[in-house]
Amino acid sequence: MIKSFSSRCSIAHRGAVFLCVLGFVIAVALCSLAPNKAFADPISTSEDLLNSVSGNVYLTNPPSANSGQFWSNGAWHNFSEITPADKRQNGPARDLGGGWYIQWMGKTNGGEYMIWRYHNAWTYNGATWGGFKVRFNNIGYTSKGEAIDSILDFTSVMAWKFDGTPSPTWFSPFEITTKYGPIVGAVTTQDDAADTTPVGVQSIYGTSIVKHGTDTLIDSDNEVDIVYWDIDRPVVMPDKSLNYSSNWRESVHFVSGYKGATVGTHTTLQVSDNGTWFRSTQNDDSQVPDNLSTVVAKATPQFTTEWRGHTCSTGIGYDTRVTVYPEWSAPVKSPERQIHKRGETASFDVTETFPYVADSNKASSIVMEDTLDNALDASRATVQVFKNGVDVTDNWTISISGQTIKATAKNTGHGYAEDKHVFRITAPVSESANLDSYETENIDGNKYWKVPNTASVAVNNNAKVTNTVHVFVPYEAKGSVQLKATKSLLGGALQANQFTFTLKDSNGALIDTKKNDTSGAVTFGEIPYTQEDIGKTYTYTIEETPGADAGMIYDSHSETVTVKIEDAGSGKLAITTTYDDDGAAFTNTKTIPVTVLKTSTDGSVLSGAEFTLYKDDGNNTFDANDTPATVYSDAGLTTAIPGAVVTTDAAGEGHYYGLMPGTNYWIKETKAPSGYNLDTKAHLIAVAADGTVSTKDSAGVSANLPLKNGVASITIADEPIPNLPLTAGSGMVAALLFFGGLLAIGGSALILRHQFLDSKPNEK
């Protein structure tokens, strides 16, 4: 049996108006109102109402922009004319004449074509207008193979409201929804109100099934089954109470052209005595065709219907019976391409839209088959089957033999292998299959192995094959690099694990930390690269982490390293590493302390002596070009000594810190202790690159300075100033000085006398 359904709308909101047609299109046709009795056959009942659907007019295509037309300005126009590119949006409104408009509404019922008009001054008695026409082309065929169209002609539409309630801005008596199909109803709202404005509608419309491309009815011996469902709404009174006794509650009236009707055994519908009216008596929350609020009517190719309702809608569907399984479209496999590494799972969708069928024309067998390429591991494959997004795998028998997967329909009748089916197949990419012989393709600059795949769907052993899709497996080239640095130390002997280095990426994220070995080599851990890295260049930074070793000057520069990845072929990568000009060489300097010891020539220590340390200008001779050195008073090298001048303490010591390896200095006494002669000699202080300190003796022979408390120390001795002999006290000294003065005066007088006598003539 073939069934097609529509939906109904909610009282609370226009967007709840649903119409559900599951598989084909409504045959909507021109018919004039006829007041005669609908039919004489009695009403029948059924435990399974939907299985009572029969007929021999087969409707295959649901209402859509491809088949739908509307009558405007004396001609038929395609629905596509008012369908926006973005179906989530509303389309333009087209004038149908008589105050009616048709428009695509993108946000209701999955998108719908709505026919509507602006309100007039409605009263309780309502207002009545002439109607409109719509057409659906090539919607199916008769059992004789005639292609058919349908025409729906609303000849009269009356709308009313309760006196005193707001007038709605617009209302709609008919909609064709993507989700539910065609509906007849009373849908309305106000522009300035969140809730719908209750409105009652009476529509009289005729339906005709015609030969394709004409207005000619199909043969009268054809029978069409019509399903009206979700007839369940009362009248909503102004006080919000529900009135199921009003004749304006949701109802369907078979005016003419009907031959009989069937309701469910437990129906909630009220049926008129003559079997022509079906009225709601109870709410049905299911919103699907069922035994409660659904009626199945048999009709001729031309029939007239009257519908009444109050802010609601009734779904309309048609069903037919034929004996030949209808033509079906070729299946489609997707996605067209996907990229997966070995071990990753590929997923395919084989999509097939099966026609709606009745028991009379169902297929004897339906099989989906997919023979997976050897690059895929079929032993770990899975299969799921979805019908309109719902998992229906249990309706299919799944089998896997070798690389071949099959899904066989357990039931090919109505309600099973119909409508849109998706066969979802997953299979991991083989981790061991040899892909060397496969075709390769470059995608966005990367090379991939190209694994093809197709599937088929066979109905009655007649198979249709899908398009070819591909799994692209990354060409597996691998490689790695170990970045390196070198460490050297001036002023000391390098020890293993003495200094720490970090490796960071271009974002500053830490990659690795390593220490130097005894040779100064620093080797970081391997950085792996894959095929995905081909054509890329990575930048890394190597830096030394400063320690806390007193007197150590740490290398603070940052080394930049670039790594370029290229394809070397044969599954290998060509990796080019470029360092800065120094090749990631780091040099630390351990500064040297020196102690000057001041003593007397007799060996006693002397305080108060001042010394200045000079840096040699490079000529290895102390001269005026040698300037005071930059040195410090502490091992941490935080406090510079002004002018490099130190004064010996009570121990006779003066201390210098921060002498640089590989540098010559001169030390010179600039102030002697009281009572001692100043040492005017400049003494050499030669600091070798390894940190040893030497000087030269008076003969010019170099010798390492001795260590005192682990520090090189130079001793400089001063001679004391000699004193006169002292034999008496201070009074004697004064007497001697006085006597000496007299002698000097007397000697001077004698000298002057002789000079005078020598200058006179001789007198005897």
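Throughout, read-outs are computed from the coordinates displayed, never taken from laboratory work. Since we're looking at a predicted model, the values are computed, not measured. Counting neighbours? That spans all protein chains shown, and the Cβs are built from the backbone with ideal geometry, glycine included.
Odds and ends about this structure:
- Spin-label zone in the stretch 410-440 - amide nitrogen under 12 Å from a point set 7 Å from the Cα of SER347 along the C-beta vector: 424-427
- Residues of the stretch 466-487 with amide N under 15 Å of the 7 Å Cα→Cβ point at THR440: 472-479
- Sequence-separation-based contact order of the chain, relative, with Cα cut under 8 Å and 6+ spacing, percent: 10 percent
- Segment SER167..LYS536, full-extension length gain: 126.0 nm, with 0.36 nm per residue of separation and the alpha-carbon distance subtracted.
- Distance between the 7 Å Cα→Cβ label points at LYS87 and ASP649: 9.4 nm.
- Rounded D (µm²/s) - the stretch 447-532, Kirkwood Rh over Cα pairs, Stokes-Einstein at 25 °C, 0.890 mPa s: 136 µm²/s
- The residue among PRO546, GLY99, VAL210 whose Cα reaches farthest toward the positive pole of the charge dipole of the chain, with charges on the beta-carbon of Lys, Arg, Asp and Glu, is GLY99.
- Electrostatic tally near GLY264: other residues with Cβ closer than 12 Å to its Cβ, Lys and Arg +1, Asp and Glu -1, net -4.
- Kirkwood Rh, angstrom, the stretch 479-587 [1 / mean 1/r, Cα pairs]: 14.9 Å
- Net lengthening on full extension, ASP634/THR621 (0.36 nm per residue, minus Cα-Cα): 1.9 nm
- The count of lysine pairs in the stretch 479-587 with alpha-carbon distances below 22 Å, taking only pairs 8 or more places apart or on different chains, stands at 16.
- Segment ASP690..THR468, full-extension length gain: 72.5 nm, with 0.36 nm per residue of separation and the alpha-carbon distance subtracted.
- The DSSP beta bridges internal to the chain are antiparallel in roughly 90% of cases.
- Qualifying lysines (Cα of each under 17 Å from Cα of LYS598; at least 8 residues distant if same chain): LYS668, LYS671, LYS681, LYS708
- Applied to the stretch 376-393, the Karplus parametrisation 6.51 cos²θ - 1.76 cosθ + 1.60 on θ = phi - 60° returns per-residue 3J(HN,Hα) values of 10, 8, 5, 5, 10, 7, 10, 9, 10, 10, 10, 10, 6, x, 9, 5, 10, 4 Hz, with x for Gly and Pro.
- Scalar couplings 3J(HN,Hα) for the stretch 519-525, obtained by applying the Karplus form with A = 6.51, B = -1.76, C = 1.60 to θ = phi - 60°, are 7, x, 6, 10, 10, 7, x Hz; x denotes Gly and Pro.
- When the convex hull of its Cα atoms is projected in every direction, mean area for the chain (nm²): 73.5 nm²
- Neighbours of GLY658 by Cβ distance under 14 Å: Lys/Arg scored +1, Asp/Glu scored -1, total 0.
- At R0 = 30 Å, FRET efficiency that the Cβ-Cβ distance of THR214 and TRP129 yields, to 0.05: 0.60
- Relative to the longest principal axis of the Cα atoms of the chain, the long axis of helix 730-758 lies at roughly 60 degrees.
- Relative counts (whole %) of C-alpha pair distances in the stretch 332-474, using bins that are 5 Å wide: 2, 10, 20, 21, 17, 12, 8, 6, 3, 1, 0, 0
- In straight-distance terms, cross-link reach from LYS362 covers every one of the aspartates and glutamates whose alpha-carbon lies under 17 Å from its own, apart from those fewer than eight places away in the same chain; here that gives ASP319, GLU327, GLU352, GLU418, ASP419.
- Net charge contributed by nearby residues that have their C-beta within less than 13 Å of LEU503 (K/R +1, D/E -1): -2
- Within a straight-line Cα-Cα reach of under 22 Å, LYS87 can be paired with the following lysines, leaving aside sequence neighbours fewer than 8 residues apart in one chain: LYS107, LYS179, LYS420.
- Note on THR715 and SER379: their simple-model spin labels are 8.8 nm apart, each label 7 Å out from Cα toward Cβ.
- By the count of neighbouring beta-carbon atoms within 10 Å, fewest first, ILE553, ILE316 end up ordered ILE553, ILE316.
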